[in-house]
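Here's the structure, in structure tokens; my notes come after.
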Amino acid sequence: FRLARMVKTLRLSIFKDLNLMIIGLISGLRVLMWAVVMLVAFIYIIALVLNKVLSNEPEFHSVTLGMATLFRCFTDGCTDYDGAPLPERLARDYGDHVFLMYSLAYILVAIGVFNMFTALFIDNVVTSQASRKQQDLSDSSDAAEISLKEALLKLVLQTKASGLPNDLEEEIKSLDAVFSNRDARIRAQFQCLHDEHILIGQDQFNVWLKDELFVKDLVKAEVDVSNKRALFEVLDSNLGGNLEIQQIYKGLMKLRGPVTKNDIVAIRLKVRWLTKQHNKSSEIDDDDGWY
């Protein structure tokens with residue numbers, strides 16, 4: 001019961017980052033496991049060779065002792081059982097080439113293999129967290145839709161400068177008694193605003209951004225509000241200076257979460273389409289004799 005209660009507690013929004021860290025760590029265990037297998041295999045091969053070449057040395061009497069000695073040399077300190085530096089003693093007894101081979105092996109393992117393991121582990125964790133975050137955004141899209149639509153409805157109804165007709169306001173309020181389901185009611189009320197084509201200017205939108213509840217709804221929907229003053233310019237794609245309420249809603253939904261590969265590919269495809277349209281227009285103008 002305590003474990004179940006702890007897992008349930010981790011679902012709270014305050015533990016969201018911790019939850020992502022735990023999931024990323026678990027997903028990276030597979031890479032970490034194979035990294036350990038590769039390291040053990042590498043040390044085992046070297047221990048086999050050293051067991052044949054340096055069998056008189058107590059640190060390499062067996063393959064197991066050789067693996068333990070090599071692991072210490074690559075991670076902690078390369079000393080013999082008496083505490084003396086092992087590479088220097090082996091170089092004195094068997095020649096300087098032993099020290100050179102140890103140096104090359106240490107560089108290969110400590111700088112090459114260990115750093116490769118770290119890079120693969122971090123890459124796997126980051127990729128897993130990004131995938132999980134996109135999944136969370138997809139799962140919470142319905143909740144974000146209702147939250148944003150409800151916030152925009154309240155702001156339009158509270159703002160007289162939006163030019164909302166009185167009969168439309170009464171129609172929207174009358175829907176409270178029609179729908180028992182909250183989500184259906186908010187969608188229907190928002191559709192009324194959409195059908196009326198209510199326009200919101202930049203000044204009015206910036207006033208909305210001063211509303212703490214509206215900003216909290218944006219943060220909850222994972223819309224970046226660090227530069228609130230530029231938010232309207234991002235949404236106003238045609239530079240018309242006014243936005244319909246549906247445009248604001250769709251734009252805010254598109255701004256949820258970080259930039260993804262889908263966003264980049266979509267931009268490239270749209271630019272390619274625009275380029276083709278421009279080339280077609282240029283060909284038509286050339287055929288008509290316009291220069």
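The values are calculated or read from the model by the stated rules, or taken from the named source; none is laboratory data. Just so it is clear, the structure is predicted and the values come from calculations on it, not from any experiment. When we count neighbours, we look across all protein chains shown, and the Cβ atoms used for this are built from the backbone with ideal geometry, even at glycine. When the accessible area is computed, the model is the full protein with side chains, heavy atoms only, and any ligands, DNA or RNA have been set aside. Shrake-Rupley method; radii C 1.70, N 1.55, O 1.52, S 1.80 Å.
Quick notes
- Over 18 Å between alpha carbons, listed pairs 16/216; 16/220; 133/210; 133/254; 173/228: 133/210; 173/228
- Excluding exposed DSSP-loop trypsin sites (Lys or Arg not before Pro) (at most 12 other C-beta within 10 Å), longest clean stretch of the chain: 12-209
- Residues residue 27 and residue 119, FRET efficiency given R0 of 22 Å [Cβ-Cβ distance, rounded to 0.05]: 0.90
- Average accessible area per residue (Å²) across region 57-132 - probe 1.4 Å, nucleic acids and ligands excluded: 60 Å²
- Added length on full extension, which subtracts the Cα-Cα distance from 0.36 nm per residue, residue 92 to residue 267: 56.5 nm
- Nearest-ten-degree value, helix 182-196 long axis tilted from longest Cα axis of the chain: 60 degrees
- Think of it as helices only: each DSSP H run of n ≥ 4 in the chain is worth -39500 (n - 2.57), and spread over all residues that comes to -23000 deg cm²/dmol at 222 nm.
- Where labels lie 7 Å past Cα in the beta-carbon direction, separation of residue 259 and residue 157 in nm: 3.9 nm
- Length-normalised contact order for region 162-291 - Cα pairs under 8 Å, 6+ apart - percent: 22 percent
- Between residue 188 and residue 238, the modelled label-to-label distance comes to 3.1 nm, taking each label 7 Å out from Cα in the direction of the beta carbon.
- Residue 178/residue 126 FRET efficiency (R0 45 Å; Cβ-Cβ; nearest 0.05): 0.40
- Carbon-plus-sulfur accessible fraction, region 145-291 (probe radius 1.4 Å, protein heavy atoms only): 52%.
- Rounded to the nearest 10 degrees, the angle from helix 141-158 to the longest Cα principal axis of the chain is 40 degrees.
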